[in-house]
Amino acid sequence: MDGFDLLILGFILNAVAMGLDLTSSQAGSLVTWTLIGAVVGGLVFGVLSDYYGRIKVLTWSIVLFAGFTGMCALAQGYWDLLFYRTMAGIGLGGEFGIGMALAAEACRPNERARMSSYVGLGWQAGVLAAALLTPVLLPIIGWRGMFAIGVIPALVSFVIRHYIDEPEIFVQKQKEKRKSNPFKALVADAQAVRASIGISILTSVQNFGYYGIMIWMPTYLSKQFDYSLTKSAMWTAVTVVGMGFGIWLFGQLADRFGRRPIFLIYQVGAALMVLAYSQLTDQYSLLIGGAIMGMFVNGMMGGYGALISEVYPTEARATAQNVLFNIGRGIGGFGPLVVGMIVAQYSFQVAIAMLASLYVLDILATLFLIPEKMGKPLE
């Protein structure tokens, strides 16, 4: 539902802007502030989860996200809509890290990357649903109706609360005396500091590229190649299928060959494919190239859950997941803004080529800052 909500915003942005008479910068800031809210939510809900439990706090974050997404349907202007989107983002920010911590703590060590990748696939399923359903539903229920659909996850939270138990490792750790504030685990020693910096770089580059491409691509295809909403949705659907395959494959490979080698392969692939994609003009090449680019650009999401879970202890695991990923998501939130500015000044081809250069930072961070802890028991 996170993926569904965020991507329908990309598809209905023009309709929202027309309905509320928003400028281009105001419309773009709705995405940015949603992601800034996610950073705040990551900080708050991650810590609460490490103190009070994964399941309980996960349901709180879902209800907040769902409630304010539904409130967006009642917006009367820019400022109240901006508030609703930011609050929804705060709820959204808590969900990813808690879900990843749950998956990592509930599975065997040799399955950790695969389990994390399956959580990541949930996001892609939501994005795919947005791409397929928006062209059908938007003409019927309008942009307000699309936001109203976001209330549905509130119902899911009750199912989670009643049918999923806390992981055994978390229950056991709760019986022990807490050693320190969860935030201190991120900078506990030199190795932890290096890992925290490295993972923040990885998540920032990946999110910047992902949001920069996915939010603006439907608009670019529409203006440059006269793509209708249906065609843009088809491009997004094919690209998301490529992303989903990339996430699944990452989990399979990382459990067999280690986290760092697979991150490096995907980072090199992302840089090359984003650069190559900026040169494409044929609509069929754009479709196929989008799928391959998506595989590398977002496939790395399949490894974050396992990587972060293995580096930090149980008493700080959800905090680390939420803080480090949402730092990346917060920085990534400026992707649509930066891409929009470069497009306005130069061209989309220049903007997407700029994105390719960012993956060099990823490669350096993986080589020099990221530890390898494949298969080791969780602390």
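The values are calculated or read from the model by the stated rules, or taken from the named source; none is laboratory data. Here the structure is a predicted model, which is why all the values come from computation and not from measurement. Virtual Cβ from ideal backbone geometry, glycine too; neighbours counted across all protein chains shown. The accessibility values were calculated without ligands, DNA or RNA, using every heavy atom of the protein model including side chains. Shrake-Rupley method; radii C 1.70, N 1.55, O 1.52, S 1.80 Å.
Tabulated results
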read-out	value
Number of the exception - residue 363 against (1) open to solvent by 60 Å² or more (accessible area, probe 1.4 Å); (2) assigned to a helix (DSSP H, G or I)	(1)
Unmet criterion (only one of (1) open to solvent by less than 20 Å² (accessible area, probe 1.4 Å); (2) at pLDDT 85 or above; (3) closer than 30 Å to residue 341 by Cβ; (4) over 13 Å from the mean Cα position of the chain (by Cα)) for residue 120	(4)
Matching entry among 333, 328 (being farther than 24 Å from residue 114 by Cα and buried (at least 18 other Cβ atoms within 10 Å of the Cβ))	333
Inter-residue pairs, beta-carbon under 8 Å, first open to solvent by less than 10 Å² (accessible area, probe 1.4 Å) and in region 293-311, second of a type in the set (Lys, Arg) and in a helix (DSSP H, G or I), 6+ apart	303/259; 305/112; 306/112; 306/259; 307/259; 308/317; 309/112; 309/317
Test for residue 307: is it of a type outside the set (Lys, Arg) and more than 17 Å from the chain's Cα centre (by Cα)	no
Candidate set: region 243-280, residues that are open to solvent by less than 10 Å² (accessible area, probe 1.4 Å) and not in a helix (DSSP H, G or I); chosen: the one farthest from residue 202 (Cα to Cα)	278
Residue identified as open to solvent by less than 30 Å² (accessible area, probe 1.4 Å) and over 19 Å from residue 216 (Cβ atoms) among 10, 91, 28	91
Region 153-170, residues that are at pLDDT below 85 and assigned to a helix (DSSP H, G or I)	153, 154, 155, 156, 157, 158, 159, 160, 161, 162, 163
Test: residue in region 339-347 that is in contact with a Lys or Arg (Cβ under 9 Å, 6 or more places away or on another chain), farther than 20 Å from residue 127 by Cα and touching a residue at least 12 places away in the same chain (Cβ under 8 Å)	no
Every residue from region 53-88 that is under 30 Å from residue 372 (Cβ atoms) and open to solvent by 10 Å² or more (accessible area, probe 1.4 Å)	58
Residue list for region 294-315, filter: in a helix (DSSP H, G or I), among the aliphatic types (A, V, I, L, M) and modelled with pLDDT of 90 or more	295, 306, 307, 308, 311
